[in-house]
Amino acid sequence: MDETERRKLEHLEVALKGGVEATDTTMFEDVRLPHRALPELDLDDVNLETELFGVKVAAPVIISAITGGHKVAAKVNETLARAAQTLRIAMGVGSQRAVLKDPRLEPTYRVARDVAPDVPLIANIGASQLLTEFKVEHVLKAVEMINANAIAIHLNPAQEALQREGTPRFKGVLNALRELIRRVPVPVVVKEVGSGIPYEDAVKLEKSGVEYLDVAGLGGTSWPAIEGLRLLKGGNNLGSIISEAFRNWGIPTAASVCEVVAHTKLKVIASGGIRSGIDVAKALSLGAIASGIALPLLEPAYRGDVNGVINALKVIIEGLRVSMFLMGVRSVEELRRAKVIITGRLAQWLSIRASSYLQDKQAYG
């Protein structure tokens, strides 16, 4: 097992043990969805179908990237992909860095397409690796490997800075993305991994030709926390203390969604601490096109429990349906135009960062 493969497996094992989430919140608690006592529709009238990357899906829910490139990954990705196929929702695979270095690992990723031929799949490469290891040809290989409908380029500066094997090199990412967008045949999704994306960066990405942005904000899995636990296990107490200080670094998911929607025309995916159908409804009402979910699916996926993953997703999807019904909203597009009530820390944040958006989105006042 080489270094990359070992590290990917360690990440999975640390996450399974728990204690890896941010202690700060997503700020979705500051979003209230207006209740309609007279919704003037039946629950059966609510239609969750939408289109992602040119493919019609049953709900605006994405199984976010979890893992790949090690001995356990094939089972995890097969389990997740079977659930995605059953529910007709999109799925992302974990970073394909390992397989681009060792083609023998290809089955741990390709299995996703083998068992989920009809749903959108998102390939995955790290932005810093575009500068240090890989060229566009490698990205094309990653896309081809799983017949992907899109390619995610993940931005993880906090993780790279704190990881003992990290490559915190991000100078030149925008130029690399411009070249990539020009040459790849599928949409490019730029995504964070748990620290959110501010509108200033989103504007730069939009000008570079990016169309999709997954904010992956603060409030869910914290990669500084994961790397800190790895360092502690390896006996690096000082490094662990430094990493722990950054557990809550970043932009809360709700704030990041609002900022990007307010200042760009990017298609925004909301991930980072999404734990319920109500969270998804809130994210979409703020302007996102879909929500990504990972950590709640990890344990059943690790066990190979397809029904466990399906049931966890059904709880979220049906929670979204009921939320829309209680708001009197029939479709995903209608939900994205809905007014909401924004209070507390999020309202304060947006009064500074997106005041016009805040005024336009409020249901009352």
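The values are calculated or read from the model by the stated rules, or taken from the named source; none is laboratory data. All of these numbers come straight from a predicted model, not from anything done at the bench. Neighbour counts run over all protein chains shown; Cβ positions are idealised from the backbone, glycine included.
Would you call E160 in contact (Cβ under 8 Å) with a residue 24 or more places away in the chain, at negative phi and part of a helix (DSSP H, G or I)? Spell out how you get there, then give the answer.
Numbers: in contact (Cβ under 8 Å) with a residue 24 or more places away in the chain: yes; at negative phi: yes; part of a helix (DSSP H, G or I): yes.
Criteria met by E160.
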Restricting attention to segment 222-267, and to residues there that are among the basic types (K, R) and crowded, with 17+ Cβ neighbours inside 10 Å, which single residue is modelled with the lowest pLDDT? R230
Any residue that is in a loop (DSSP other than H, G, I, E, B) and in contact with a helix residue (DSSP H, G or I) (Cβ under 7 Å, 6 or more places away or on another chain) - is there at least one of those in segment 226-233? no
Taking segment 190-204 and keeping only residues that are within 17 Å of the chain's Cα centre (by Cα), of a type in the set (A, V, I, L, M) and farther than 19 Å from I122 by Cα, one is left with I197, A202
Residue satisfying all of: in segment 176-189; closer than 14 Å to L155 by Cα and free of Cβ contacts under 8 Å to residues at least 60 places away in the same chain; nearest to the chain's Cα centre (by Cα) among these: V188
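Among the residues of segment 90-119 satisfying the criterion of being polar (S, T, N, Q) and under 19 Å from the mean Cα position of the chain (by Cα), which is farthest from A59 (Cα to Cα)? Before the answer, list the steps.
In the first step, residues of segment 90-119 are kept if they are polar (S, T, N, Q); the result is 95-96, 108.
Filter once more, so that each one left must be under 19 Å from the mean Cα position of the chain (by Cα): 95-96.
Numbers: S95: 24, Q96: 26 Å.
Result: Q96.
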Condition first: farther than 11 Å from V20 by Cα and polar (S, T, N, Q). Now tell me which residues in segment 218-247 satisfy that. N236, N237, S240, S243
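One line per residue, one yes/no per condition, for (1) under 22 Å from L121 (Cβ atoms); (2) assigned to a helix (DSSP H, G or I); (3) in contact (Cβ under 8 Å) with a residue 60 or more places away in the chain:
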residue: L298; (1), (2), (3): yes, yes, yes
residue: Y302; (1), (2), (3): yes, yes, yes
residue: G308; (1), (2), (3): yes, yes, no
residue: K314; (1), (2), (3): yes, yes, yes
residue: I317; (1), (2), (3): yes, yes, yes
residue: V322; (1), (2), (3): no, yes, yes
residue: F325; (1), (2), (3): no, yes, yes
residue: L335; (1), (2), (3): no, yes, no
residue: A338; (1), (2), (3): no, no, yes
Count of residues meeting criterion [more than 16 Å from the chain's Cα centre (by Cα), of a type in the set (G, A, S) and either surrounded by 24 or more Cβ atoms within 10 Å (Cβ to Cβ) or at pLDDT 95 or above (or both)] in segment 65-80: 2
If E13 meets every condition in (1) surrounded by 21 or more Cβ atoms within 10 Å (Cβ to Cβ); (2) modelled with pLDDT under 95 apart from one, which number is that one? (1)
Conditions (1) within 19 Å of W349 (Cβ to Cβ); (2) surrounded by 24 or more Cβ atoms within 10 Å (Cβ to Cβ) -> L320 fails only (1)
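Of the residues L100, L80, only one is in a helix (DSSP H, G or I), more than 26 Å from S240 (Cα to Cα), touching a residue at least 60 places away in the same chain (Cβ under 8 Å) and touching a helix residue (DSSP H, G or I) at 6+ places or on another chain (Cβ under 8 Å); which? So that I can check it myself, show each step before the final result.
Working: L100 fails: touching a residue at least 60 places away in the same chain (Cβ under 8 Å).
Answer to the check: L80.
For segment 159-192, which positions are farther than 21 Å from G209 by Cβ and surrounded by fewer than 23 Cβ atoms within 10 Å (Cβ to Cβ)?
As a first pass, look at segment 159-192 and keep what is farther than 21 Å from G209 by Cβ: 159-169.
E160, A161, Q163, R164, E165, G166, T167, P168, R169 - these are the residues of segment 159-192 that are farther than 21 Å from G209 by Cβ and surrounded by fewer than 23 Cβ atoms within 10 Å (Cβ to Cβ).
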Do you know which residues across segment 268-283 are surrounded by fewer than 24 Cβ atoms within 10 Å (Cβ to Cβ) and outside any helix (DSSP H, G or I)? R275, S276
What is the number of the single condition among (1) outside any loop (DSSP other than H, G, I, E, B); (2) aliphatic (A, V, I, L, M); (3) more than 30 Å from L232 (Cα to Cα) that A59 does not meet? (1)
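Do the conditions hold for S256, that is, is it of a type in the set (S, T, N, Q), under 28 Å from L12 (Cβ atoms), assigned to a loop (DSSP other than H, G, I, E, B) and touching a Gly at 6+ places or on another chain (Cβ under 8 Å)?
Numbers: of a type in the set (S, T, N, Q): yes; under 28 Å from L12 (Cβ atoms): yes; assigned to a loop (DSSP other than H, G, I, E, B): no; touching a Gly at 6+ places or on another chain (Cβ under 8 Å): yes.
Answer is no for this residue.
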